[in-house]
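Novice: Okay, here's the structure, questions in a sec.
No value in this document is a laboratory result; all are computed from the given coordinates. Nothing here was measured: the structure is a model prediction, and the numbers come from that model. All Cβ positions, glycine included, derive from the backbone under ideal geometry; neighbour counts span all protein chains shown.
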Amino acid sequence: MPALGGPQTNGKVHRSLKVRLRQAIVTNPCDNRRFIPCQQLENICHEQTVAQELAKAFPESDDSFHQSRASLICHGQTQDSTITSQPCLKIFAILVLLGNSSLIESFVRHRLCDRDLPFFSNPDLTGLYSHRPTSGPGLTFPDEEDQYDVIEEFLEKQWSVLVPSFEAPEAGNKRCNVYKLHDKTILPIQEVSKKKYPGGFGLVEKVKIHKEHNGFNHEYFALKTMHPMIPDERDRFFQQELDAFHKARPGGHIIEIRAAFMKGESRGFLFPWADGGTLNHLWAKDPHKIVADAGVQWSEFSRWICIQCHGIIRDLWAIHEPFGIHVPAGTSAEDLYGIHSDIKPDNILHFTEKNGAPLGLLKVSDLGLMKFHRLVSRTVQSKSMGNAYQTYRAPEHDMGKVRSRKIDIWAFGCLFAEFVTWAIGGENAIELFKTARIDEDKRFPDENKGEWSEDNFFIMKTSRLTQVKAPKRKGTVDEWFSDLTKDLRSDMANTFFPQFLRFIQSAMLDPDRKHRADSKQVETFLGRLLQQNPPDSPYWHFNGTVEYPKAYSRSTTGTGTW
């Protein structure tokens, strides 16, 4: 005798189609809205199960009717010219969830199919209307006891089967797909991090896209949703990030946009998730453990730092000077030139997937902060210098507000200086370097700042001859570089780290932007080092990180250096 609760075959309970669809539902934790993954929908609602459901809905009809209608619903096959010939499987699934699968006949007879989704209605909810102009008059359900409830429930439930799939562009010059979604669209998000991270003009969350709606080779993404703002400003910043991404070198050291979307008033981007976190996360780790876990030699570690710094600058140069790399078809002299203006460790992401690079890959993020200028005005006066990271703020921020691409070079000079500091002395060394810079600020206070002391790389000093204030590189910066070089020991005098430190000091951290290197000069310098010194060259020799103590005594004069 079958057990109570449903029919059995060989001890297995046959669950109803409605129950199976409900059990396949996934909840998007961002908004607690629910959806059915596309492949599961098709697997559950195959032709046989649809025919079985139709047999229950239309018991007076014979098996041939049930089978032909099931074929029409699933595949759009029919010999009857008076009804639709397009699949309407999603419509049928919605009706099953509503417990009213017999209404499928009304859709079929009105030549309505899945291409007509999403439907909309009038304020009185007296009919369903297709968004397609050729679909004919609206669909009504006059035989229903409460047509209002049927239409209202259908309009709400339809979004559970209209979930977009994010895919890579099929061909052409398109770098990412931009999706225009209805405001009520449910995103196919299966997991979301509790923590939200600031990212340019929005917030970033770690999300997992359901595998049936994910056309990429990784599960997790960084979902950046733009802050609410007035429409013109919102769309300008959205397009600005897209434009900057399209100017960047494909597959390099600039973060890739996997997909972008416009959903009602919301704008968002999907980026690959950096499993290694930011550069700050990397700097919080012991270089010894990183080298050991990667199974590399210290010489490979020092060369990896050169490769990453070179790649970042090379790809930034492609945006600073787009004609320097290639000239895209249709580009004119009015092409735009970019300034990131917020280079900082939090905007450098560490991707640890090997892919031939045991130590991973560093990529610049937050291209939404890029500020573009026409070819005729690449250096401009500006009332606002943007959202510059104060530690890496260039001297020109404090003198006349001159805005140029050189502010990124100064910022990268600061970042590279801390990168090398970490490589040589570990996490404590970065903190000691910071303390030294702040201490110099305390010893030489600026009346414009009052009692505040800053952690930056320059000070404003008044010339004894002209009595005019001008920026100088902090003396503690020069002394720190000198001491780092001494700590490398004499056998490393002609190796990478000392030479890189000298270049950063003289070419990238020059307080006078006119004498400061540009991105091409930095790229050429690092590229030459890699080209002239093969991986097995003694040039990359490094004895390994010597962890600095948390308290470290250094003699500093703090006079500032031109």
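Novice: Return, for the Cα atoms of the stretch 17-161, the radius of gyration and Dmax in Å, separated by a comma.
Specialist: Computed over the Cα atoms of the stretch 17-161, radius of gyration and Dmax are 14.8, 46 Å.
Novice: Continuing with the same structure: Using a Förster distance of 30 angstrom, determine the FRET efficiency expected from the C-beta separation of Q23 and Q86, and round it to 0.05.
Specialist: After rounding, the FRET efficiency stands at 0.60.
Novice: When D491, D243 are ordered from fewest to most other Cβ atoms inside 10 Å of their Cβ, what list results?
Specialist: With the sparsest Cβ surroundings first, the list reads D491, D243.
Novice: Something else about it: Can you give the Kirkwood hydrodynamic radius of the stretch 166-244 from its Cα pairs, in Å with one decimal?
Specialist: Computed over Cα pairs of the stretch 166-244, the Kirkwood hydrodynamic radius comes out at 14.3 Å.
Novice: Count charges around F120 for me, please; just the other residues with Cβ under 15 Å from its Cβ, Lys/Arg as +1, Asp/Glu as -1.
Specialist: -2
Novice: A further question follows. Trypsin sites (Lys or Arg not before Pro), restricted to the stretch 144-194: which are DSSP loop and have at most 13 other Cβ atoms within 10 Å? Intermediate results must be reported in sequence, preceding the final value.
Specialist: Numbers: sites: K157, K174, R175, K180, K184, K194; in loops: K174, R175, K184, K194.
Sites meeting the loop and neighbour criteria: K174, K194.
Novice: Cα-Cα over 22 Å: which of K90/K211; K90/K206; K195/K224?
Specialist: As for pairs spanning more than 22 Å Cα to Cα, those are K90/K206.
Novice: On to the next question. Which order, highest average first, do 40-46, 28-34 follow once you tally other Cβ atoms within 10 Å for each residue and take the mean per peptide?
Specialist: Highest-to-lowest ranking by the protection proxy: 40-46, 28-34.
Novice: What is the fewest-to-most order of H288, H253 by other Cβ atoms lying within 10 Å of their Cβ?
Specialist: The most exposed by this proxy come first: H288, H253.
Novice: At 7 Å along the Cα-to-beta-carbon direction for both T435 and A470, put a label point, then send me their distance in nm to one decimal.
Specialist: 3.4 nm
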